[in-house]
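Before any comments, here is the structure.
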Amino acid sequence: MACRICNNKAAGDCDYDLCGRCCNYGACHRHGWFEYECGTCFRLFQNQNNLNQHMQTHKPRDKLCPVCGQVSFKSTSGVTLHVESGYCAGCGEWGKKLVRDFMKENVPEFYAPAICDRSDSNDSNEDPYCRSCDRSFKSMGALLQHMEAKHDSRVGVPRLRLAY
């Protein structure tokens, strides 16, 4: 059977005789049970996680890089990834080290404790670490993205003011 809107022949088993492009019914067996609706653009999603990920697209790009002044980031993790990746004109290739050193000094709980029995050791693992999940990340930006997506980023994450 053809789609009753666009005449596409792929509408044979849709509950509403529509193809996947034209079907926007949330309860269609063929095209999924889309119970989660975006309040901004009214798109439908199969689960809360997909809706949460989609909501990132509606965030304003109003976060400022404190080093180069670029204002085009949606989150703190976006600014951090910008600096760590070497794209920041002010930090260049030193960005990752600058972020790591700053965070280790100001938020040491974002790094796993050292694997040793000596209490006087200041050593710790180099990779940022989520204590809630017992999981390490390759960059601070990746850890912050994880915390924004999987944990309530307002709880347990200190607000830092950068002074340059």
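Bear in mind these aren't lab numbers, they're just calculated from the coordinates by the rules spelled out. Source: prediction; values computed, not measured. As a convention, Cβ positions derive from the backbone with ideal geometry for all residues, glycine included, and neighbour counts pool all protein chains shown.
Only sites in a loop by DSSP and with at most 15 other Cβ atoms within 10 Å count here; which chymotrypsin sites (Phe, Trp or Tyr not before Pro) in region 28-109 make the cut? Don't jump to the answer; show the numbers that get you there.
Values: sites: 33, 34, 36, 42, 45, 73, 87, 94, 102; in loops: 34, 42, 87.
Sites meeting the loop and neighbour criteria: 42, 87.
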Checking the a/c ratio against 1.5 first, then a/b against b/c, what shape does the Cα gyration tensor give for region 46-98?
prolate
Give me the lysines in straight-line cross-link reach of residue 150: C-alpha distance below 27 Å, same-chain residues under 8 apart excluded.
59, 63, 74, 96, 97, 104, 138
